[in-house]
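In what follows, a structure is listed as structure tokens, so that the remarks can point back to it.
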């Protein structure tokens, strides 16, 4: 890549300033041009702290004024689609935080806009860059556990607050965190989801989801059993995925990144073995750094990003099916 990719930001909130910007600022391949937020303090603070050339209060002004190669969209869920399409229509490649929108329709509109404009969209499923999950995926793809038969996975946190408790803003734990574990399941499975059956609990009929449990059936006849909750005590959430196959099994927990594997095909793993990924103190920083580096490199080289708009659509199709199944008490066929 001969020149640095000129990057702009839409949304300078806690996640952007606390997790993403610190890593984006370390990338030699990125030029931090401008950032925008309706909160002037957030925009100016981000600009000063991380070296953006100019802050904006209106991202439309930023898109019209600056010559940008890529734009990161990190807003509340209900604002993601509009900001993404505006950036796409200005000719920018886009990094959009999960869940990409509040519905399948949002995701499809983003995909269509990107196709029409000839730009790319990467969806921020950062756990694909967690070291433990990358090792796990590599072992699965190498055939260490044989053909996948069953996946068990779950993700949870303490009760959500603020806009995450509002349905019309895309709140609820499935859209906030469940999308991550669904993406992990789809990624590990490597097969197309065909059917979903789910149970969803809400405090009130029109409230956001509190707890859910659902089964995904895949085209290769594997199944996944997934749980998601926002009612986890002790201020410590959970995130795990376990994949069983015809020749072994492998499990990974996050954020520990510890892996437990047993394999009939790999001599070193004939007996249950713990794998401890390197650099345990830097796992979160490295995860975000590698995710953003992959996106910036794709922008500079004009190639497809490693996590595509189609991946985002697939996750939201599962979410939609879980909600539909929870209402109807019937399985939902996807394709």
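One table, with the values for the structure above:
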quantity	calculated
Full-stretch length increase - residue 44, residue 302 - with 0.36 nm per residue and alpha-carbon distance subtracted	89.8 nm
Kirkwood-type radius of region 1-88, with distances r between different C-alpha atoms, in Å	12.7
Within the chain, percent of DSSP bridges classed antiparallel, to nearest 5	60
10 Å-binned pair-distance histogram of region 59-132 (Cα, whole percent)	21, 52, 23, 4, 0
Which of 169, 81, 116 has the fewest Cβ neighbours within 10 Å, and the rest in rising order	116, 169, 81
Calculated [θ] (222 nm, deg cm²/dmol) that DSSP helices of n ≥ 4 give over the chain, each run adding -39,500 (n - 2.57)	-10000 deg cm²/dmol
Principal-axis tilt of helix 309-328 within the chain, Cα atoms, nearest 10 degrees	60
Inter-centroid distance (Cα atoms) of region 4-81 relative to region 130-201, Å	28
Pair residue 265, residue 220: separation of 7 Å Cα→Cβ label points (nm)	1.0
Angle between the chain longest axis and helix 40-50 axis [Cα atoms, degrees, rounded to 10]	80
Order of 201, 269 - criterion: other Cβ atoms within 10 Å of each residue's Cβ, fewest first	201, 269
Max mean-square fluctuation residue, GNM over the chain, Cα-Cα springs under 10 Å, options 117, 282, 34	282
Stretch gain in nm, segment residue 335-residue 274, where the contour uses 0.36 nm per residue and the Cα spacing is subtracted	18.2 nm
Contact order relative to length of region 142-188, as percent, for alpha carbon pairs under 8 angstrom and 6 or more apart	34
Relative contact order %, the chain, counting alpha carbon pairs below 8 Å whose residues are six or more apart	20
Residue 285 versus residue 15: modelled label distance in nm, points set 7 Å from Cα along the beta carbon direction	2.2
Relative contact order [Cα under 8 Å, 6+ residues apart], region 55-185, whole percent	23
Spin-label model distance (nm) - residue 206 vs residue 28, 7 Å beyond Cα toward Cβ	5.7
Principal-axis tilt of helix 283-301 within the chain, Cα atoms, nearest 10 degrees	60
Cβ-based exposure ranking for 271, 203, 180, 77, in which fewest neighbours within 10 Å come first	271, 203, 180, 77
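Rule-based calculations on the coordinates, nothing more; no lab input. Predicted model, so just to flag it, every value in this text is computed and none were measured. Because the Cβ atoms are built from the backbone with ideal geometry, glycine has one as well, and the counts that use them run over all protein chains shown.
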